[in-house]
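Student: Questions regarding the structure given below will be posed in turn.
A short reminder: the numbers here are calculations on the coordinates, not readings from a lab. Computed from a prediction, not measured in an experiment: that's the story for all the values here. Cβ sites come from the backbone with ideal geometry, for glycine too, and all protein chains shown count toward neighbours.
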Amino acid sequence: MVPLEILKFPDPRLRTVAKPVKEVTGKIVALADQMLEAMYEAPGIGLAATQVNFHQRLIVIDVSETNDQPLILINPTIISGEGEIETNEGCLSVPGFYEPVDRFQHIQFEATGRDGEPFTMEAIDLLAVCIQHEIDHLDGKLFVDYLTSTKRQLIRKKLQKLQKQWA
Ligand code: QAP
Ligand code: CO
């Protein structure tokens, strides 16, 4: 199988708003499994379909130290959030940059699983942060959007320069 390519900021395709998954087909499950592979390979703790240029509401996450707790969340929605936590966030689409971002510390969310069954769940701390970060991707948002425009422009310039070197 062809490995998935991860889009890099400021690629305009990262601004696409993803469409809800209508049905959890074999194709969706196969994409989710490939995304998990790409995420572990990176290595990362979360990846949204938007980042691999599939504009459907699907994210994969594994915040465990042992890389054995994969989560596949289809059509994830935050129902409620409380508290605040600041985390040094990074992103596979913004390689090499980490900046503090404030998010809810505790969330309740709903999603559909790999088996096509909807469920609701609670998450705290890093998992809660990661889910919020990945859902942002599905809405065309990046963590750099929470930084000052000066910082965001600096990151954009540095990444554009690097990408010209790679091309
Ligand atoms: C989102 O990000 C996240 O810059 C997931 O060179 C990150 O997996 C949520 C990565 C932190 C909360 C806290 C970043 C890999 C991975 C890089 C990632 C890099 C290599 C980022
Ligand atoms: Co990201």
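Student: Could you give me the ³J(HN,Hα) list for region 129-139, computed from phi with Karplus coefficients 6.51, -1.76, 1.60 and θ = phi - 60°, whole Hz, x at Gly and Pro?
Tutor: Running phi through 6.51 cos²θ - 1.76 cosθ + 1.60 with θ = phi - 60° gives 4, 5, 4, 5, 4, 6, 5, 3, 4, 5, 9 Hz.
Student: Starting at the first residue of region 150-166, write each ³J(HN,Hα) from the Karplus equation 6.51 cos²θ - 1.76 cosθ + 1.60 with θ = phi - 60°, in whole Hz, x for Gly and Pro.
Tutor: Per residue, the Karplus-derived 3J(HN,Hα) values read 4, 5, 4, 5, 4, 4, 4, 4, 5, 5, 5, 5, 4, 5, 5, 5, 6 Hz.
Student: Over what distance in Å are the Cα centres of region 1-70 and region 94-152 separated?
Tutor: Taking the Cα centre of region 94-152 as reference, the centre of region 1-70 is 13 Å away.
Student: For every other residue with a beta carbon closer than 15 angstrom to the beta carbon of K19, add +1 if it is Lys or Arg and -1 if Asp or Glu, then tell me the sum.
Tutor: Around K19, the surrounding residues sum to +3.
Student: Separate question: Could you give the Stokes-Einstein D for region 12-166 in µm² per second, using the C-alpha Kirkwood radius, 25 °C, 0.890 mPa s?
Tutor: In µm²/s, the coefficient rounds to 153.
Student: Can you list the HN-Hα couplings for region 101-116, worked out from phi with the Karplus curve (6.51, -1.76, 1.60; θ = phi - 60°), rounded to whole Hz and with x for Gly and Pro?
Tutor: Whole-Hz 3J(HN,Hα) from phi for region 101-116: 9, 8, 9, 4, 8, 9, 10, 10, 9, 10, 6, 10, x, 4, 8, x.
Student: Work through the residues other than R57 whose Cβ is under 13 Å from its Cβ and net out their charges, Lys, Arg +1 and Asp, Glu -1. Walk me through the numbers before you get to the answer.
Tutor: Details: positive: K19, K22; negative: E23, E110, E134, D136, D139.
Charge balance in the 13 Å sphere: -3.
Student: Under 28 Å between alpha carbons: how many lysine pairs meet that in region 12-166, if sequence neighbours fewer than 8 apart on the same chain are excluded?
Tutor: Value for region 12-166: 11.
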